[in-house]
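Presented below is the structure to which this report refers.
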Amino acid sequence: MSEAANADTPSTGGAAPVAPTLDGVSRTLLIPLLARAEAQSLWPGVAFDDAAARDLAARLAVDRAAVGSDPFPMRLCISRSLAIEEALGTLLSEPIERTLVLLACGLDTLPVRLDATLAPARRARVRRWVCADLPPVMALRDQLLPASERIRHVRATLPDQLDEVAAALDETRPVFILEGVLPYLDAEQVADCLVALGRLAPAGADLLVDGYHPALLAFSRLGNTFRRMRTRFRFGIADPRDYAGMAPRIHFRAQRNLLRPLPWHHRKRALLPSLVAGGKPLATLAQLELTPSAGVTP
């Protein structure tokens with residue numbers, strides 16, 4: 001990795017900074033960004049505030065109409081963000097230092113948000129953040145959310161181009177966070193991704209992975225947000241426990257139902273997918289553990 005990739009801010013050579021654009025970047029990353037920015041209007045009274053997301057949405061001049069008028073996926077993104085924060089808070093209650101790795105980070109403001117909300121003792125256990133995504137996304141992130149001493153930016157492609165992620169890890173036990181990316185991969189790629197994470201962490205790791213029932217993904221395509229973006233979902237999972245069978249050393253620990261916290265009038269449109277799913281959760285955040293490789297002391 002070049003020194004430029006590790007710089008806190010990109011050099012402009014004395015010239016005026018280039019205005020950020022979304023050229024070469026998937027429009028789907030605007031869905032969670034706008035959800036976090038508009039959380040209070042989308043879900044009145046929710047205990048969630050993301051000033052950094054509001055700032056980014058304004059700087060990018062995000063056109064609300066271009067994202068779509070369907071609020072359901074954005075409310076689900078808010079619930080997912082809350083669940084990830086809660087899970088990380090629990091993991092950071094353990095008295096060890098951690099490296100938190102955001103894979104396919106997009107414009108996620110989680111490092112800023114969590115730094116502001118964590119209790120000091122838990123915040124002190126975060127040795128660093130590693131934010132990883134495709135080169136065009138990271139170029140945009142370099143402009144909008146610059147790296148720092150505690151936040152490192154690397155380029156990565158799931159599942160097979162993770163060398164820069166590997167170089168950013170150290171002896172601390174990592175937490176890999178995969179948020180909103182697996183539905184765009186096929187089942188083989190998801191399995192390859194879990195195997196690759198095993199190679200990155202031979203001494204073990206924790207994983208936070210969201211998952212969506214195939215019934216919800218099928219119905220989501222009927223909404224104007226994903227239909228307008230011509231989104232193609234390839235991977236759904238009916239039971240997050242099945243992640244454990246997709247790669248060696250993966251163990252299921254817990255799950256959070258992402259629809260349950262939403263008020264009834266915000267999730268009633270999921271009634272039909274729920275019937276198709278036979279009562280299984282439609283959207284979950286799974287906590288998985290990657291156990292140490294044979295012969296490796298954690």
Between the stretch 66-111 and the stretch 214-252, the Cα center-to-center distance that results, in Å | 17
Specify whether the C-alpha gyration tensor of the stretch 182-298 places it in the rounded, prolate or oblate class, a ≥ b ≥ c being the square roots of the eigenvalues: rounded for a/c under 1.5, otherwise prolate if a/b is larger than b/c and oblate if not.
-> prolate
Measure of size requested: the Rg and Dmax of the chain, with Cα atoms as the atom set and Å as the unit; please supply both.
-> 18.6, 60
Could you point to the residue in Leu216, Leu271, Ala53 farthest towards the positive end of the chain's charge dipole, with +1 and -1 charges on the Cβ of Lys/Arg and Asp/Glu respectively?
-> Leu271
Step through the residues of the stretch 35-48 one at a time and calculate ³J(HN,Hα) from phi using the Karplus curve (6.51 cos²θ - 1.76 cosθ + 1.60, θ = phi - 60°), rounding each to whole Hz and writing x for Gly and Pro.
-> 4, 5, 5, 10, 3, 5, 7, 6, 9, x, x, 5, 7, 8
Order the peptides 73-82, 170-179, 270-279 from the highest to the lowest mean number of other Cβ atoms within 10 Å of their residues.
-> 73-82, 170-179, 270-279
Based solely on its DSSP helices, what 222 nm [θ] is calculated for the chain when runs of n ≥ 4 H residues each add -39,500 (n - 2.57) and the sum is averaged over all residues, nearest 500 deg cm²/dmol?
-> -10000 deg cm²/dmol
Of the beta bridges DSSP finds with both residues in the chain, what % are antiparallel, to the nearest 5?
-> 45
What the Cα atoms of the stretch 52-132 span along the principal axes, largest first and in whole Å, is 46, 24, 21
Can you tell which of Ala52, Ala254, Ala119 shows the greatest fluctuation in a Gaussian network model of the chain with Cα springs below 10 Å?
-> Ala119
Cβ-isolated cysteines (cut-off 4.7 Å), the chain = Cys77, Cys193
Å³ per residue enclosed by the Cα convex hull of the stretch 90-165 = 93
With no solvent and one equal point scatterer per Cα, compute the Debye intensity ratio I(q)/I(0) for the stretch 141-223 at 0.20, 0.26 Å⁻¹ and report its log10, rounded to two decimals.
-> -1.04, -1.38
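No value in this document is a laboratory result; all are computed from the given coordinates. Keep in mind it's a predicted model, so treat the numbers as computed, not measured. All Cβ positions, even for glycine, are placed from backbone atoms using ideal geometry, and neighbour counts span all protein chains on display.
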